[in-house]
Amino acid sequence: MLRVALPAKGRLAEQALLLFERAGLKAESRTERALMAPLGRDFQAIFLRAQDIPEFLADGAADVGVTGADLVAESGQEVIELLDLEFGRCRLAVAVREDSPVQRAADIPPETRVATSFPRVTSAFFHGIGIPVRVASVSGSAEIAPHLGVADVIVDLVSTGATLKVNRLREVAVILESSARLLANPGSLHDPRKGPAIRELNAALESVIRAKAKRYLMANVPRRRLAEVKAVIPGLTGPTIVEIQNGGGGDWVAAHSVVDADRIYETIVRLKALGAEGILVTAIERLMP
Ligand code: AMP
C-alpha cells in the first residue's frame, strides 16, 4: 500500500481530489471526518493539513503527496518534486503600504519589521539581497499589520491581488511562484516496490493535466485543400486523415487532430475559410504521447 497525503481542506483540497478522480483514482467514502480513504489500486489517501504534508512526506509517514510549493519551501523539508499540478497558483510577494516611498525590495531600509506567516522563506530572501530585517511571524492576516503599526512590510500569498488592494498595499517584489505540486518521499521513490507505482501515478496525473489544455477536433474538409488543412491542425504527429465512405464522391475527407484549447476559436475560423464542414470539438480525458 502506498500512502498518498492530500490536503484535508482549504484551497487545494477539492481540486486535488478531482484530479485524482480524473486519473482514475477516486477516493471511496470520503466523509467530512474520515482521515483516510482507499483510492483504488494500491493507493490509500490520508487527509492532512496542507502545511503538515511536507513533514509527513519527509518522515516517510506518506509516500507521495500534494501540497503547495510555498508550503514545501517554508517547511525546509527534503522531499522530491515530481510534477506541477497547475492549480492553486499564487505568488509569495513582498508588499508595502500604498503611500510608502519603497518601490523595489532593495529600497527597504535595514531593521524594517516584516510581518509574515512565511518566516523561513522571508528571512532567506532578505538575507539573499543583503538587507537585515526583523521578521515578525504571524499565523495569518499579515495584510492588516502595516495599518496597525506592527510592521511596515509584509510577505504574503497573492493570487488576484484583490486582498492587497482592499488593504491599500502595493506589491514590490515576488519571492516565489507557487502552485500545487506532486511530491514524493525520496526513499519511497527509490524503493524497488514503491518506485514503479509512484512513477505510474505521476504519469497518470500528468496525462490528465496535459489533456486539459487540448481538444480533439474533427472536420470534413475538401481533399484538394489538405495541405493547407495540415498547416492549420498539425496535431501531435500530423492530422489523421480518414476516407468518408458514402457521398462526397472522394472530394471530401475527414481530418482529426489534437489542438490547443486556447486557440480553438481561431482554428475553427481558419478551417471554415478552407471550406471545412461538420466541425466537431470534444474534450480529451487523458493524453499520453
Ligand atoms: P487575492 O486577493 O486573490 O490576491 O488572494 C490573497 C489572499 O488569499 C491572501 O490572504 C492569501 O493568503 C490567500 N491565498 C491566495 N492564494 C492562495 C493559495 N494558493 N494558497 C493559500 N492561500 C492563498
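The values are calculated or read from the model by the stated rules, or taken from the named source; none is laboratory data. Just so you know, these numbers come straight off a predicted model, no measurement behind them. Methodologically, a virtual Cβ is constructed for each residue, glycine included, from the backbone with ideal geometry; neighbour enumeration extends over all protein chains shown. Note: accessible area is taken over every heavy atom of the protein model, side chains too, but ligands, DNA and RNA are not part of it. Shrake-Rupley method; radii C 1.70, N 1.55, O 1.52, S 1.80 Å.
Observations on the structure shown:
- Charging the Cβ of each Asp and Glu at -1 and of each Lys and Arg at +1, and nothing else, the dipole of the chain about its Cα centre rounds to 660 debye.
- Heavy-atom accessible surface of M36, to the nearest 10 Å², is about 100 Å², with a 1.4 Å probe and all protein chains retained.
- As a ratio to 2.2 N^0.38 Å, the alpha-carbon radius of gyration for the chain is 1.31.
- For the chain, the number of Lys pairs with C-alpha atoms closer than 30 Å, counting only pairs eight or more positions apart or on separate chains, is 14.
- Between region 228-289 and region 82-131, the Cα center-to-center distance that results, in Å: 47 Å
- Figure note: H127, H147, H256 ranked by solvent-accessible area, largest first, 1.4 Å probe, ligands and nucleic acids not counted: H127, H147, H256.
- Positive-end residue of A254, I80, C90, charge dipole of the chain with Cβ unit charges: A254
- Note on surface exposure: E21, E171 rank E21, E171 by accessible area, highest first, 1.4 Å probe.
- Dipole magnitude of region 39-131 about its Cα centre (Cβ charges: Lys, Arg +1; Asp, Glu -1), debye to nearest 20: 300 debye
- Near the amide H of R113, within less than 5 Å, lie the amide hydrogens of R134, D152, V153, all on another chain or at least 5 residues away, with H placed in the peptide plane.
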